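Structure first, then comments.
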Amino acid sequence: MTQPTAKPPDPNFPPHFHVAVDVVALTIKRNLLQVAVVRRNDSMSCIIDKRTGIASEVPRKPTDYALPGGHVRWENENLIDAARRELTEETGIELSRDDLVQIGAYGDVGRDPRSGRTISVAFVAFNPEFSTPFAGSDAASAQFMDVVEVLAEPNRLEFDHSRIIREAISRVRDLMERTPIALKFCDEEFTLSDLRHVYEVIYHAAYNEDADALRYADRIRSEDALTGGREFEEELQLISRILQERKSSYNLDSPAHNQGLASRGSSSKGTSSDRTSSWRSEEVVDVLQQTLKSEYLGRTALRSRSSDSARANLKINLDPANFSRKATAIDGFIEEVPESTRSSASGTGKPAQLYRKGNAQKLDPPLVVQRRPTKPAKRPAK
């Protein structure tokens with residue numbers, strides 16, 4: 001009996017392949033560019049060999065990360081809707097269609113060693129107000145990390161996600177030159193120095209294709225290791241000071257308060273004085289939590305780091321006069337706030353003029369960023 005033979009593939013009907021989406025959610029915190037990453041639930045990681053460009057499945061390490069993403073639902077889902085859904089499912093971050101910009105498609109042979117061939121369409125979102133990520137149904141963990149840290153060893157990004165992140169940053173740079181997207185990271189009223197700082201962070205060489213991310217990441221790790229204890233002590237002092245102020249304000253050490261605490265232990269109902277003391281204690285906690293949140297946001301703001309820190313220096317230096325001339329020459333980009341200035345942090349020098357967002361949707365001419373020439377290093381004295 002003759003065995004049946006497989007029909008040769010029809011060139012008009014190519015083999016089945018998968019369509020996926022990946023999302024690069026970028027923001028700026030503590031003077032550095034950060035990206036949302038997840039750790040997948042799978043026990044194996046898909047890591048690309050740098051020499052061959054082919055991915056293979058290897059046992060997962062705790063430092064293996066990936067961008068939020070997944071397969072597009074075949075029946076009735078558009079690409080951008082799939083990107084929004086996957087981001088929410090894996091990180092809890094919800095975005096509108098207008099928040100996402102398509103970067104490109106990635107379909108190199110061997111980028112995904114699992115079932116079949118996968119072509120991924122990547123999107124980028126650049127926003128200062130992402131919600132705090134948390135692991136959803138499709139991820140073991142989710143968090144924002146410094147881009148230089150994600151790209152540096154010993155961390156490993158799965159698939160070709162390191163390439164996608166760098167090309168997403170390139171896309172954001174293009175948007176910053178042609179649209180007012182950078183103003184999202186400025187207050188309602190800001191100085192030209194504030195605006196220039198956003199451009200300086202995004203255009204740093206650490207995010208370029210040929211950058212040595214490990215060298216930059218080592219500087220950040222060293223600084224955080226040195227300052228972490230000091231910052232923790234400052235937070236403890238802050239908590240102690242606020243508690244002392246609130247205890248004095250609400251008189252929590254009064255006999256009525258202490259009597260209320262004692263009666264709470266012997267009676268489940270409690271007295272009116274007991275309930276009042278309890279309410280006051282809860283109010284102190286609420287105020288404390290809000291104050292600590294405000295303190296944290298202030299410390300992670302763009303201007304919070306000293307100028308000589310590694311984080312503050314992980315940016316390019318743009319010529320202030322050249323940047324100011326270009327920014328103010330673009331019609332509708334920014335507008336002066338009449339008779340409004342801000343003194344410098346040192347309290348010296350001329351107060352800076354304040355600006356606010358204009359009504360332009362596109363920058364014409366584009367705000368092309370040029371680096372300030374670096375000064376030659378001084379020779380040591382003989």
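Derivation of every value follows stated rules applied to the coordinates shown; laboratory data play no part. Note that the structure is predicted; figures quoted are calculated from it, not measured.
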- Message: Students often get this wrong, so check it: of Lys326/Lys362; Lys184/Lys362; Lys29/Lys61, which have C-alpha atoms separated by over 19 Å?
- Response: Lys29/Lys61
- Query: Under a 5 Å amide H to amide H cut-off, with H placed in plane at 1.01 Å, what residues pair with Ser141 once short-range neighbours are removed?
  - Reply: Arg39
